[in-house]
Amino acid sequence: MKLGVNLDHVATLRQARYRGGKKASARAEPALAEALHAVERAGAHGVTLHLREDRRHIQDEDVWMIKKESRLPLNLEMSLAPEIVQIALKLRPEEACLVPERREEVTTEGGLDVVRAEARLKRVIPLLRRRGIRVSLFVSPNLDQVRAAASSGAEMIELNTGAYSDAGTASARKSELNRLMKAGRLGHALGLRINAGHGLNYRNLGPVLAIPYLETLNIGHAIISRALQSGLEDAIRDMLRILRAP
Ligand code: PXP
């Protein structure tokens with residue numbers, strides 16, 4: 001099983017200070033390049049960035065920097081907005097995961113409605129594939145969506161584990177896991193490669209590994225949160241050491 005690490009929230013923290021016309025330099029903290037090198041040293045298999053239309057975290061310079069610096073494949077999460085599609089065509093990430101995007105949402109909510117977006121997808125997917133970009137569609141574990149994804153020309157789907165992660169009871173979680181397993185099985189039977197992600201953390205990940213044919217899990221928030229929590233004490237000690245120095 002492969003792990004793609006989503007670094008959006010490193011940029012979220014950086015942009016909390018650098019916004020409103022104040023441009024983050026390469027040295028701005030936390031530095032995305034440092035985070036990339038940690039992902040590489042830790043042995044993860046890929047790095048994911050979501051260049052949102054409102055640029056709330058990842059900036060255009062970031063995707064170019066990561067593409068240049070990374071030894072790992074870059075998965076660009078992106079909407080179908082023409083401006084973003086043009087950037088992807090120039091950038092040529094190894095993979096593009098097409099997601100729905102609404103400005104008012106905190107993070108990507110729900111999957112792509114592949115059935116409704118069919119015409120646009122059939123225009124955009126060949127453009128991306130012609131540039132050597134593998135295309136994945138972020139979909140809910142809904143069998144109609146999986147069927148539509150299979151006939152869209154995409155190579156992969158990323159199953160949205162958001163409903164599983166949000167399930168409030170053991171039985172709801174079990175039923176969401178069942179939907180994910182069925183969608184994984186159908187996707188594979190229709191020739192799609194299967195990834196999954198959204199809302200996964202250190203507690204809820206185990207059962208997800210049972211989804212058949214799963215190749216890559218894309219995880220962000222839980223990893224960045226743990227990094228903050230486990231690193232905070234050392235960061236304070238380092239500062240105190242300087243304060244105490246004569
Ligand atoms: N996959 C997709 C398509 C996403 O939109 C996100 C969130 O940016 C993730 C995976 C990662 O989700 P999380 O940050 O909850 O691990």
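The values are calculated or read from the model by the stated rules, or taken from the named source; none is laboratory data. Bear in mind that the values here come from a model prediction, so they are computed numbers and not experimental data. With ideal geometry, Cβ positions are generated from the backbone for all residues, glycine too; neighbour counts draw on all protein chains shown. Just so you know, the surface numbers come from the protein's heavy atoms only, side chains and all, with ligands and any DNA or RNA stripped out. Shrake-Rupley method; radii C 1.70, N 1.55, O 1.52, S 1.80 Å.
Computed from Cα atoms, the angle from the helix 82-91 axis to the main principal axis of the chain rounds to 70 degrees.
Straight-line cross-link reach from Lys67 at under 24 Å between alpha-carbon atoms covers these lysines, not counting any fewer than eight positions away in the same chain: Lys2, Lys22, Lys23, Lys90. Each of Gln59, His45, Leu112 was placed along the dipole of region 13-116 (beta-carbon charges, centred on the mean Cα), and the one lying farthest toward the positive end is Gln59. Dipole magnitude for the chain: computed about the Cα centre from +1 point charges on Lys and Arg Cβ and -1 point charges on Asp and Glu Cβ, it is near 300 debye. Per-residue surface analysis assigns Met239 an accessible area of about 120 Å², computed on protein heavy atoms at 1.4 Å probe radius.
Among the aspartates and glutamates, select those whose C-alpha is under 14 Å from the C-alpha of Lys182, and discard any that sit fewer than 8 residues away in the same chain. Excluding near neighbours in sequence, the set is Asp144, Glu158. Ordering Ile194, Ser151, Gln229 by the projection of their Cα atoms onto the charge dipole of region 123-232, which places +1 on the Cβ of Lys and Arg and -1 on the Cβ of Asp and Glu, puts Ser151 at the extreme positive end. Every helix of 4 or more DSSP H residues in the chain counts as -39500 (n - 2.57), and over all residues that averages to -14500 deg cm²/dmol at 222 nm.
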